Amino acid sequence: MDRHPLQNHNSLLKWLGRPAGSVIVVFAVALLVRVLVLLALHGSPYWSDQLVDAKLYDDWARGMANGESPHPAPYFYSPVYPWALSVLYRIFGHSLTIVRLLQCALGSALCVLVCLLARRLLSWQAALGAGLFCALSGILAFYDNLLLKTAPVTFLLLAGVYLLHLDPQKKALRLGRYLLAGALLGLAADMRGNAFLVAAAVLLFLIVEALRKKAFLSPLLFGAGLAVSILPLTFANYAASGEFILTTYSGGFNFYEGNSAEATGYHPALVSVRQTASHEHLDAVAAARKATGKDPSPGEVSTYWSARAWRDIGRDPGRWLRLLALKTALFANGAEIPDNYNYAFISKRLTPLRFNLFGFYLLAPFAIAGLGMAISRGGRWRLPVLVVLTYAGSVILFYVTARYRAPLVPFLAVMAALAVEQIVRWIREQDFQRALIICVAIFGLFVAVLEPLLPQELGFGREYYTLGNLQFQQGEPGRAIESYVQALEYHPNSAQIENNLGAACLKAAQQGKTDEIPPLGIGIIHLQRAVKLKPGYFEAWKNLGIAHAVLGETESAQDAFRRALQLAPDRQQWEKVRQILESISQ
């Protein structure tokens with residue numbers, strides 16, 4: 001005979017109330033969401049071609065996997081994530097699927113850790129809710145599928161904090177967790193500099209606790225774990241430069257990006273620095289070289305940029321304080337601020353993310369309320385509160401983007417679960433006044449975080465332009481044309497977009513793909529606009545010459561190629577154009 005429905009319901013609740021039941025449900029939901037995102041990403045232009053930092057890591061790892069010399073110390077960019085990728089490439093070949101699947105598994109394990117950490121602080125229902133929020137979080141699932149450091153850094157931070165909340169019975173395990181927690185937070189610091197501030201804050205917390213309890217082994221072991229992870233990079237940097245560089249020497253440059261007179265509060269676009277990972281380092285060093293009149297050491301590069309930032313702050317401290325206020329508001333805002341990838345743009349093109357309701361806009365109001373409750377409770381909440389405040393401060397101190405904010409989502413999910421649990425408790429206790437006050441406050445926060453803070457002119461122009469580039473590289477000039485046309489609506493005076501649009505029309509014409517796309521003559525018009533907007537644009541003059549040649553307009557083609565010869569950036573490009581010019585002149 002079948003059991004009564006109520007009995008089935010009670011059995012399910014009992015099963016979910018057990019740690020194993022919650023873990024299985026959270027892991028299964030998280031993995032399903034991440035695999036669905038992976039499958040959707042596989043059919044998109046973003047699968048095989050990486051952007052900005054992801055391209056740097058992928059190229060770096062592929063080179064090492066193929067036996068090339070790794071990027072030498074001293075390090076401007078952290079080498080740890082590319083090193084890990086190179087190991088996977090050596091084992092599995094250049095398989096982006098394997099990397100993404102492993103990161104999806106890691107992200108699913110992260111959601112389990114959120115649930116387990118919350119169970120040590122809250123009821124099992126609240127813990128399950130925190131774990132499921134992270135499992136369903138679109139931004140976490142998104143970054144778990146990208147070749148960026150966000151996924152491993154998020155896991156390492158949470159795993160380190162979770163270990164410190166464990167209280168095993170065996171003394172060896174109790175002490176060993178401090179060593180392992182230090183090593184995990186040290187690895188996070190190796191990959192992302194602001195994580196070092198979190199590790200340092202945790203170490204200070206343990207020292208204070210040790211002074212209070214007169215038991216000093218725990219901070220010593222935690223510090224030893226940090227040293228094991230961090231010192232290899234420090235020694236490599238010292239051996240190469242003779243300078244004490246903890247992990248990387250990009251700190252001063254990053255501080256300038258977030259605090260100078262050029263800073264916007266979100267990811268910057270510095271006038272003097274090209275916004276590509278392959279050029280950013282070179283331009284940062286070149287600016288320091290020009291200012292100092294000598295080849296600067298790594299430490300001098302960092303000092304040069306940080307000194308420039310402090311000068312700007314000193315000239316107008318009021319502006320800087322307003323900038324800090326803006327960054328604080330941006331950090332709590334519901335918008336996912338774009339950087340290498342624009343989540344808002346790409347999620348509209350990936351079905352599993354298009355209707356995902358578990359965004360930061362929903363998390364932030366409850367998390368802020370929960371943070372206030374956690375601060376008032378103290379006790380075992382002190383460490384999570386310290387991590388949240390330190391990490392948030394480290395992002396606000398530099399600049400705010402979605403991928404820098406994402407590692408805090410698991411901690412905020414626990415804080416949000418605390419707020420929900422407390423509201424439910426007040427309602428059960430018929431303390432409706434306090435429940436109503438906090439609900440009104442959360443609603444007010446919800447309205448505030450939905451307020452758009454980014455300039456409307458940012459739009460999706462850069463994203464359409466990037467998408468067009470990917471489509472062009474993947475042999476789809478027709479789709480690239482559509483994307484470039486969309487990009488021009490946001491940036492109508494961009495010579496670069498005009499050139500790429502003209503080049504896409506040229507490519508489509510050469511491939512014979514002329515149905516439902518602009519003819520080559522339209523492409524020439526866009527190329528002419530490009531050279532008018534930027535007369536010294538070599539690439540546009542070259543493409544204009546090729547387009548005229550394809551149409552048989554020899555004289556116009558010769559004029560364009562002669563102009564391109566005058567602007568050629570190097571001997572190789574000059575020789576290519578010369579050969580084309582000679583061939584059409586015969």
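If you go through the range 340-367 and pick out every residue that is in a helix (DSSP H, G or I), surrounded by fewer than 20 Cβ atoms within 10 Å (Cβ to Cβ) and more than 16 Å from the chain's Cα centre (by Cα), you end up with 4. Here the condition is being part of a helix (DSSP H, G or I), among the aromatic types (Phe, Trp, Tyr), outside the structural domain of Gly318 (by TED's automatic domain parsing) and surrounded by fewer than 17 Cβ atoms within 10 Å (Cβ to Cβ); of Phe205, Phe196, Phe235, it holds for Phe235 alone.
Considering the conditions (1) within 25 Å of the chain's Cα centre (by Cα); (2) under 17 Å from Gly252 (Cβ atoms), Ile337 is excluded by exactly one of them, (2).
Checked against (1) at pLDDT below 90; (2) closer than 28 Å to Gly258 by Cα; (3) in contact with a Cys (Cβ under 9 Å, 6 or more places away or on another chain), Val409 passes all but a single condition, namely (1). Taken over the range 410-437, residues that are closer than 30 Å to Asn194 by Cβ and either among the small types (Gly, Ala, Ser) or crowded, with 24+ Cβ neighbours inside 10 Å (or both) amount to 10.
If the condition is being part of a loop (DSSP other than H, G, I, E, B) and surrounded by 24 or more Cβ atoms within 10 Å (Cβ to Cβ), then the range 464-515 contributes no residue at all.
Set side by side, the residues Leu436, Leu488, Leu470 differ, and just one is touching a residue at least 40 places away in the same chain (Cβ under 8 Å) and among the aliphatic types (A, V, I, L, M), which is Leu470. Against the numbered list (1) out of contact with any Gly (no Cβ under 8 Å at 6 or more places or on another chain); (2) within 29 Å of Asn145 (Cβ to Cβ), Ile375 comes up short only at (2).
Every listed requirement among (1) farther than 24 Å from Tyr484 by Cβ; (2) buried (at least 16 other Cβ atoms within 10 Å of the Cβ) is met by Leu544 save one, (1). Considering each residue of the range 76-91, count those that are in contact (Cβ under 8 Å) with a residue 40 or more places away in the chain and among the aliphatic types (A, V, I, L, M), and give that number. Residues in the range 76-91 being in contact (Cβ under 8 Å) with a residue 40 or more places away in the chain and among the aliphatic types (A, V, I, L, M): 3 in total.
Filtering the range 529-586 to residues that are part of a loop (DSSP other than H, G, I, E, B) and either without any contact (Cβ under 8 Å) to a residue 40 or more places away in the chain or farther than 27 Å from Pro492 by Cβ (or both) leaves Lys534, Pro535, Gly536, Leu551, Gly552, Glu553, Ala568, Pro569, Asp570, Gln586.
For the range 178-186, indicate whether the set of residues that are farther than 21 Å from Val80 by Cα and either at pLDDT 95 or above or in contact with a Gly (Cβ under 8 Å, 6 or more places away or on another chain) (or both) is non-empty. Yes, some residue in the range 178-186 is farther than 21 Å from Val80 by Cα and either at pLDDT 95 or above or in contact with a Gly (Cβ under 8 Å, 6 or more places away or on another chain) (or both). Between Ala61, Ala65, Ala73, Ala40, the distinction of being over 28 Å from Thr234 (Cβ atoms), touching a residue at least 12 places away in the same chain (Cβ under 8 Å), in contact with a helix residue (DSSP H, G or I) (Cβ under 6 Å, 6 or more places away or on another chain) and of a type in the set (A, V, I, L, M, F, W, C) belongs to Ala40 only.
Scanning the range 359-379 finds no residues that are within 27 Å of Lys55 (Cβ to Cβ) and among the β-branched types (Val, Ile, Thr).
Here's the yes/no breakdown for (1) modelled with pLDDT under 90; (2) surrounded by 15 or more Cβ atoms within 10 Å (Cβ to Cβ):
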residue: Arg212; (1), (2): yes, no
residue: Leu220; (1), (2): no, yes
residue: Ile245; (1), (2): no, yes
residue: Thr248; (1), (2): no, yes
residue: Phe253; (1), (2): no, yes
residue: Gly265; (1), (2): yes, yes
residue: Leu270; (1), (2): yes, yes
residue: Asp283; (1), (2): yes, yes
residue: Lys290; (1), (2): yes, no
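Residues that are within 24 Å of Leu140 (Cβ to Cβ), out of contact with any Pro (no Cβ under 8 Å at 6 or more places or on another chain) and surrounded by 16 or more Cβ atoms within 10 Å (Cβ to Cβ) within the range 83-101 comprise Leu85, Leu88, Leu96, Val99, Arg100, Leu101, listed in sequence order. Looking at the range 56-164, the helices (runs of 4 or more DSSP H) lying wholly inside it that each contain 3 or more residues that are out of contact with any Phe, Trp or Tyr (no Cβ under 9 Å at 6 or more places or on another chain) sit at 80-92, 96-119, 124-136.
The values are calculated or read from the model by the stated rules, or taken from the named source; none is laboratory data. Predicted model only: the values in this text are computed from it and were never measured. Please note: Cβ atoms are built from the backbone with ideal geometry, for glycine as well, and neighbour counts cover all protein chains shown.
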